[in-house]
1. What do you get for Rg/Rh of the chain when both radii come from the Cα atoms and Rh is the Kirkwood radius?
2. Determine, from the Cβ-Cβ distance of A20 and K140 and an R0 of 45 Å, the FRET efficiency 1/(1 + (r/R0)^6), rounded to the nearest 0.05.
3. Arrange the residues L5, L216 by how much accessible surface each exposes, largest first, with a 1.4 angstrom probe.
4. Between R217 and R178, what FRET efficiency comes out of the Förster formula 1/(1 + (r/R0)^6) with R0 = 22 Å and r the beta carbon distance, rounded to 0.05?
5. Say we join alpha carbon atoms closer than 10 Å with springs in a Gaussian network model of the chain; which of R19, R162, R178 then has the biggest fluctuation?
6. So if I take the centroid of the Cα atoms in the range 14-51 and the same for the range 213-228, what is the distance between those two points in Å?
7. Could you work out how far apart the two model spin labels at S234 and L36 are, taking each label as a point 7 Å from the Cα in the direction of the beta carbon, and quote it in nm?
8. When the chain is fully extended, how far beyond the present Cα-Cα distance does D205 get from R54, taking 0.36 nm per residue of separation?
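The values are calculated or read from the model by the stated rules, or taken from the named source; none is laboratory data. Small disclaimer: the values here were computed from a predicted structure and weren't measured. Positions of Cβ are generated from backbone atoms using ideal geometry, with glycine treated the same way; all protein chains shown enter the neighbour counts. Just the protein is used for accessible areas: all its heavy atoms, side chains included, with ligands, DNA and RNA removed. Shrake-Rupley method; radii C 1.70, N 1.55, O 1.52, S 1.80 Å.
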Amino acid sequence: MHSNLTASDTIAAQLRRHRARRGMTREQLAAACDRLGATGLTYAAIVSIETGRRKPDGTRRREVSVDELLALGLALAVPPLLLALPLGSEERVPTVPGRDPRETHTVWKWWTGEETPTLDGPIDGRYVPETQPVGEDGPKWSAAWAENAYPASLYPEFERRRQAVHKAYLRAEASDKRRADQKGRTDAWTDYTHRLEELAHQIEDMARAGLRIPSLRPDLIEDMKGLDMLLDPSILELKDTE
């Protein structure tokens, strides 16, 4: 069933919850926001947000902007996304006007690009993706979403592989320092090379998608180039410093 509840209502409830947990007054929260430069988040504004005062048509008098969400999260030391999508404390959250509230973790995955939103429905008990194209002659909505969400999968995987390379390198270095047997050292450096090659593949995927490559340690770049792991080594020529 649709409702007039919005993400700002969820944020308001979470502000009250986290303030109470920290023993923080509205005045203190306003002061913390002011220190962050969010001068519009005054005591009066926070009262209006938290109480959710309504207009005659039932809509909120005071919504929370994206800029304010970031400031409020930082002021409360809470990841901003958790104020809007409180995993573990709210079973369902609002989505967009005219659509049903949905499971919090499902909406979380929409926001992070992990999952294609399913706003239409329920149809035979199931929700389905938007069926209209993007624009008059644009691509199918779900295809456009998948294309635009692609970076959301590439960057976390890049970080995972970079950490795996770092750990493998430390293990290989440690095997040299403790003078492990030849097989142990060989296995350790082979694992490092394998992890480095996986990272190189991820970098090439990101380059093909036209994405900026995060900084890498110069020695990792040298190893990738020295071992011919990159089809186009120039994609890392400007990434040789942390």
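1. 1.10
2. So the FRET efficiency works out to roughly 0.50.
3. Ranked from most to least accessible, the order is L5, L216.
4. Computed FRET efficiency for R178 and R217: 0.45.
5. Among R19, R162, R178, the largest mean-square fluctuation in the Gaussian network model of the chain belongs to R178.
6. Centre-to-centre (Cα) distance: 46 Å.
7. Reported label-point gap for S234 and L36 is 4.3 nm.
8. Additional length available on full extension: 49.5 nm.
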